[in-house]
Amino acid sequence: SYGTVPFVGLCSDICLCLDAQPTDGEREVWNQVNSVLQESESILGGLQSYKGAGQEIRDAIQNPSDHSLQEKAWNSVCPLVIKLKRFYSFSLKLEKALQSLLESLTCPPLTPTQHLEREQALAKQFAEILHFTLRFDELKMRNPAIQNDFSYYRRTISRNQINNMNLDIENEVNNEMANRMSLFYAEATPMLKTLSNATTSFVTENKTLPLENTTDCLSTMASVCKVMLETPEYSSRFSSEDTLLFCMRVMVGVIILYDHVHPNGAFNKSSKIDMKGCIKVLKDQPADNVEGLLNALKFTTKHLNDETTPKNIRTMLQ
């Protein structure tokens, strides 16, 4: 029952992002995930400051015979492509970290709720990964320069237009790497897509683990966040708008993962997530804070447009 004391404790620890310290049993996984999370702020900083080489690229395209402009565009794009490779490489580390956490938070004989109660430091890390992921994707969605820069890079390499210009980059980002990065950046929400795939792979590869262990872990976290956001007694304890956003991003993140791994998805009437309540909680917030989150539910989920999705849920997300 959501009214029980452990559930309330769970609310506090996951959503208020308290300083949960790892127990001896959690420490190995916690250290592994922590080393990845420590890089996350600098990844976000790099994405936030990403300005792109739009002007240089336009000049080069408009003046194809001007070698100095071609060189200027190329030299502007190369360091940006190195940056984009770093973001992509980080997504692979995040994928491994998420799978380690899923393994710890779903293994028998404990139930998912017992895991979340007893391994609060790992539950907090799971929440932090989702928080980072939604922040990354919100920033990426607002930055069309990323795909423009990368497209220019690939076109230039494939046409052998670079002559004697900076060729070192081809060792860093060869054709195979460029193809993988291209698929990653083609996604509207690339980090969420990476985590959804990672969760799906986790479920597929662990055939002896009941699916409910994973889906119940995700639905419990979604319910915790919803209760925290809609109950004044708890939401009044939020220390800042950042904590509120943290809670909303975690809720949306676990809904999307649940929707990818549960055969019927998150929107079905049989879903263990109260989707109507979750969407209502988001819509009660200032529009600027939740536009990206509502878009993530619209465009990154798998089952929203299924026939089994109640019409009122679809209408709420239009």
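Name every residue in segment 285-318 that is under 16 Å from the mean Cα position of the chain (by Cα) and either small (Gly, Ala, Ser) or open to solvent by 50 Å² or more (accessible area, probe 1.4 Å) (or both), in order of residue number. Correct list: Glu291, Gly292, Ala296, Lys298, Phe299, Lys302.
Checking the condition free of Cβ contacts under 8 Å to residues at least 40 places away in the same chain, open to solvent by less than 50 Å² (accessible area, probe 1.4 Å) and in contact with a helix residue (DSSP H, G or I) (Cβ under 9 Å, 6 or more places away or on another chain), which residue from Leu105, Leu134, Leu110, Leu116 passes?
Testing whether each residue is free of Cβ contacts under 8 Å to residues at least 40 places away in the same chain, open to solvent by less than 50 Å² (accessible area, probe 1.4 Å) and in contact with a helix residue (DSSP H, G or I) (Cβ under 9 Å, 6 or more places away or on another chain) leaves just Leu110.
Checked against the criteria, Ser196 counts as touching a His at 6+ places or on another chain (Cβ under 6 Å) and either open to solvent by less than 10 Å² (accessible area, probe 1.4 Å) or farther than 17 Å from Ala296 by Cα (or both).
Quick one: how many residues across segment 137-154 are over 13 Å from Val81 (Cα atoms) and either more than 16 Å from the chain's Cα centre (by Cα) or open to solvent by 20 Å² or more (accessible area, probe 1.4 Å) (or both)?
Within segment 137-154, the subset over 13 Å from Val81 (Cα atoms) is 137-144.
Next, from what is left, pick out any that are either more than 16 Å from the chain's Cα centre (by Cα) or open to solvent by 20 Å² or more (accessible area, probe 1.4 Å) (or both): 138-139, 141-144.
The number of residues fulfilling the criteria is 6.
Looking only at segment 212-242, how many residues end up being open to solvent by less than 20 Å² (accessible area, probe 1.4 Å) and out of contact with any helix residue (DSSP H, G or I) (no Cβ under 7 Å at 6 or more places or on another chain)? Adding up the residues that qualify gives 1. The residue that is most open to solvent (accessible area, probe 1.4 Å), counting only those in segment 55-98 that are among the acidic types (Asp, Glu) and farther than 30 Å from Thr194 by Cα, is Glu71. Check whether at least one residue in segment 292-308 is closer than 21 Å to Gln125 by Cα and without any contact (Cβ under 8 Å) to a residue 40 or more places away in the chain, and report yes or no. The answer is no, given that none of the residues of segment 292-308 is closer than 21 Å to Gln125 by Cα and without any contact (Cβ under 8 Å) to a residue 40 or more places away in the chain. Screening Val36 with (1) open to solvent by less than 60 Å² (accessible area, probe 1.4 Å); (2) more than 16 Å from Arg86 (Cα to Cα); (3) modelled with pLDDT of 90 or more gives one miss only, at (2).
One residue is enough: does segment 169-183 have a residue meeting the conditions at pLDDT 90 or above and closer than 30 Å to Val281 by Cβ? Checking segment 169-183: not a single residue is at pLDDT 90 or above and closer than 30 Å to Val281 by Cβ.
The values are calculated or read from the model by the stated rules, or taken from the named source; none is laboratory data. Everything quoted here is computed from the prediction, not taken from an experiment. Methodologically, a virtual Cβ is constructed for each residue, glycine included, from the backbone with ideal geometry; neighbour enumeration extends over all protein chains shown. Side chains are part of the model used for accessible areas, which takes the heavy atoms of the whole protein and leaves out ligands, DNA and RNA. Shrake-Rupley method; radii C 1.70, N 1.55, O 1.52, S 1.80 Å.
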